[in-house]
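Heads up, the thing below is written out as structure tokens.
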Amino acid sequence: MSFRPDQSMKIRQAILFGFAGMPLFACTAPKQVQQADERPNILFILSDDHTSQAWGIYGGILGDYVRNENIRRLAAEGCVLENCFCTNSISVPSRASILTGAYSHRNGVYSLSDALSPEADHFAKQCRAVGYQTALYGKWHLKRRPEGFDDFRVFHDQGEYHDPVMKSPANWADDDQGKRGDTLRGFSTDIVADLTIERIRLREKDKPFLICCHFKATHEPWDFPERMEHLYDGVAFPEPHNLMEFGREASGRVFDGQPLENLALRWETASADPSQWWCVYPELPFTVQGLGREEGRRKTYGKLVRDYLRCGATIDENIGRLLRTLDEEGLSENTVVIYVSDQGYFLGEHGFLDKRIMYEESLRMPFVIRYPKEIPSGVRNRDIILNIDFAALLTDYAGAPAPELSQGRSFRRNLAGQTPVDWRDRMYYRYWTHHRIRPAHMGIRDHRYKLIFFYGDRLATTGSEHVATPPGWEFYDLEIDPREDRNRYDDPAYAGIIARMKRELLELRREVGDTDSDTPRMKKILD
């Protein structure tokens with residue numbers, strides 16, 4: 001544990017008396033295997049940027065290096081989703097879509113600069129309305145006060161890895177009103193797990209619970225507690241085959257992207273003056289001065305992966321603590337446990353870092369779920385599942401209506417091996433924020449092909465550059481080119497497929513209601 005000796009007691013007292021000022025009662029009755037209400041408990045564990053390449057259950061070059069004992073346990077005892085995707089690969093919009101079950105254009109959260117209205121309906125509100133105890137701990141990131149939770153304790157904005165400031169109903173201030181809250185001593189991933197564990201133990205045993213356990217990890221700056229410091233000492237990690245992709249020429253892509261050199265510059269800037277960057281990076285100083293282009297990129301990649309995997313190992317360790325708590329409380333059989341990341345992340349693929357782009361590393365949401373009463377153990381599902389489906393699934397388990405704006409669909413039957421015959425066979429994606437290195441874009445993906453339209457205009461999206469970029473297209477055959485190494489948009493062999501997918505892209509836009517009716521400029525771009 002990384003807490004001070006009095007930290008766990010303070011957390012217990014805070015939960016016992018309720019952050020909302022509503023007294024709760026410690027349960028001293030003997031532990032029971034089942035509760036009076038037979039609806040399942042729900043433990044929804046969400047991480048930030050914990051990409052599938054670093055889970056160890058999706059294969060890949062890092063698969064043998066990942067510390068993932070507890071993620072593997074969940075996979076062995078439940079179901080892994082092979083094709084779970086984000087509809088807008090950036091944290092704030094993805095979290096809003098997870099909660100509301102709605103695309104960005106419907107819930108009003110398009111970019112990092114936007115906020116979710118406290119009045120917005122979401123799955124926790126619906127679960128609470130039908131009798132669930134609800135709680136939220138960790139990263140909220142939606143700027144305005146969380147509603148629909150009996151209890152919450154969340155980071156200010158992104159939060160800190162060490163000694164985070166956390167806000168409760170008693171000291172709430174929206175993120176734009178300044179940093180306010182209580183400092184909890186310790187490492188953030190441990191603290192969030194501790195809050196969750198205490199809430200489970202102090203639950204009302206005659207009612208089911210929904211607890212959202214949201215880790216800051218593995219978001220930049222990829223920090224880790226002292227006990228992980230020597231993990232991977234001396235390890236040379238294998239590299240993505242396209243790590244040394246410099247520029248667009250080899251791949252034919254139509255945008256520049258964010259190369260690893262940007263990360264090296266951040267580390268060098270923070271090494272010279274830590275006050276010049278928004279976060280505190282571990283194990284500085286760092287420099288690539290005097291190194292050649294490939295040598296510098298290789299050094300940057302090595303530090304990124306080492307930090308990232310140590311940060312991820314701390315998540316896995318705390319998932320283990322959560323699972324052991326359920327075992328000890330006799331709750332494992334009747335609790336739905338989900339672990340998912342809000343989107344993926346580039347770990348040097350294409351020479352990139354960050355996310356946002358509709359490439360597989362960024363688009364894919366690693367997802368594992370365990371519910372022994374319904375879901376067979378050790379299975380993998382290949383259906384196309386979207387983050388807008390999560391709210392419908394969770395409310396389905398709770399016996400509650402889906403949120404009022406929900407456009408998703410419960411995949412409860414899919415998890416039991418009974419996929420509906422009319423389940424989707426393609427998905428719609430749109431990244432609204434525009435920068436010249438990462439133009440605004442939309443796209444369609446089915447089980448084999450992907451078509452992306454980089455329309456390159458901010459329209460009215462907050463947090464964007466005003467300078468537009470020329471529209472461009474990318475097309476990938478994921479069966480023969482799963483790593484998207486070559487844009488085949490101009491390949492005559494695919495002309496018919498591309499024409500069909502363009503029509504389907506427009507159809508999907510209409511189906512989901514993304515019409516750009518208030519931005520005439522988009523009509524000109526599409527024409």
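The values are calculated or read from the model by the stated rules, or taken from the named source; none is laboratory data. Since this is a predicted model, take the numbers as computed values, not measurements. Backbone-built Cβ (ideal geometry, glycine too); neighbour counts: all protein chains shown. Only protein heavy atoms, including side chains, enter the accessible area calculation; ligands, DNA and RNA are left aside. Shrake-Rupley method; radii C 1.70, N 1.55, O 1.52, S 1.80 Å.
Search the stretch 402-426 for residues being more than 21 Å from the chain's Cα centre (by Cα) and open to solvent by less than 30 Å² (accessible area, probe 1.4 Å), and hand back the single one that is nearest to residue 478 (Cα to Cα).
Ranking the qualifying residues of the stretch 402-426, first place goes to 423.
Can you tell me which residue in the stretch 321-344 is nearest to residue 398 (Cα to Cα), limited to those that are assigned to a helix (DSSP H, G or I) and in contact (Cβ under 8 Å) with a residue 12 or more places away in the chain?
Out of the qualifying residues, it is 326.
Tally the residues that are charged (D, E, K, R), open to solvent by 10 Å² or more (accessible area, probe 1.4 Å) and part of a helix (DSSP H, G or I), restricting the search to the stretch 177-202.
Selection size over the stretch 177-202: 4.
Which pairs have Cβ atoms under 7 Å, sit 6 or more apart or on different chains, and link a residue in the stretch 464-475 that is at pLDDT 95 or above to one that is open to solvent by 60 Å² or more (accessible area, probe 1.4 Å) and among the basic types (Lys, Arg)?
As it stands, the answer is 465/436; 467/436; 469/436; 475/488, since those pairs meet every condition given.
Looking at residue 345 and the list (1) touching a helix residue (DSSP H, G or I) at 6+ places or on another chain (Cβ under 6 Å); (2) open to solvent by less than 10 Å² (accessible area, probe 1.4 Å), which single condition is not satisfied?
If we test residue 345 against (1) touching a helix residue (DSSP H, G or I) at 6+ places or on another chain (Cβ under 6 Å); (2) open to solvent by less than 10 Å² (accessible area, probe 1.4 Å), just (1) comes out false.
Out of 2, 91, I need the residue that is within 22 Å of residue 308 (Cα to Cα) and either open to solvent by 50 Å² or more (accessible area, probe 1.4 Å) or at pLDDT 95 or above (or both). Which one?
Just one listed residue meets the conditions, 91.
Can you tell me which of (1) open to solvent by less than 10 Å² (accessible area, probe 1.4 Å); (2) touching a residue at least 40 places away in the same chain (Cβ under 8 Å); (3) in a loop (DSSP other than H, G, I, E, B) is the one residue 115 doesn't meet?
Just one mismatch for residue 115, condition (1).
From the list 314, 335, pick out the single residue that is polar (S, T, N, Q), modelled with pLDDT of 95 or more and closer than 22 Å to residue 376 by Cα.
Of 314, 335, the one residue that is polar (S, T, N, Q), modelled with pLDDT of 95 or more and closer than 22 Å to residue 376 by Cα is 335.
Can you pull out every residue in the stretch 345-354 that is under 18 Å from the mean Cα position of the chain (by Cα) and either assigned to a loop (DSSP other than H, G, I, E, B) or of a type in the set (Asp, Glu) (or both)?
Once the filter is applied, which keeps residues that are under 18 Å from the mean Cα position of the chain (by Cα) and either assigned to a loop (DSSP other than H, G, I, E, B) or of a type in the set (Asp, Glu) (or both), the stretch 345-354 yields 345, 354.
Restricting the stretch 241-291 to residues that are assigned to a loop (DSSP other than H, G, I, E, B) and touching a strand residue (DSSP E or B) at 6+ places or on another chain (Cβ under 7 Å), which is most open to solvent (accessible area, probe 1.4 Å)?
In this case the residue turns out to be 254.
Those residues that are farther than 16 Å from residue 218 by Cβ and of a type in the set (D, E, K, R), I need them from the stretch 357-390; list them, please.
Once the filter is applied, which keeps residues that are farther than 16 Å from residue 218 by Cβ and of a type in the set (D, E, K, R), the stretch 357-390 yields 360, 370, 373, 374, 380, 382, 383, 389.
Looking at 469, 519, 433, 515, can you tell me which residue is buried (at least 20 other Cβ atoms within 10 Å of the Cβ) and more than 25 Å from the chain's Cα centre (by Cα)?
469
What residue, of 357, 315, is open to solvent by less than 10 Å² (accessible area, probe 1.4 Å) and part of a helix (DSSP H, G or I)?
315
Could you tell me how many of the residues in the stretch 95-110 are buried (at least 24 other Cβ atoms within 10 Å of the Cβ) and part of a helix (DSSP H, G or I)?
Number satisfying all stated conditions: 7.
Report the residue count in the stretch 66-88 for those that are within 15 Å of the chain's Cα centre (by Cα) and either open to solvent by 10 Å² or more (accessible area, probe 1.4 Å) or among the polar types (S, T, N, Q) (or both).
3
Considering only the stretch 70-110, how many residues are among the acidic types (Asp, Glu) and closer than 26 Å to residue 400 by Cβ?
1
Every residue in the stretch 118-133 that is over 18 Å from the mean Cα position of the chain (by Cα), in a loop (DSSP other than H, G, I, E, B) and surrounded by 20 or more Cβ atoms within 10 Å (Cβ to Cβ), please.
120, 121, 132
Within the stretch 155-176, count every residue that is among the charged types (D, E, K, R) and surrounded by fewer than 17 Cβ atoms within 10 Å (Cβ to Cβ).
Within the stretch 155-176, residues that are among the charged types (D, E, K, R) and surrounded by fewer than 17 Cβ atoms within 10 Å (Cβ to Cβ) number 4.
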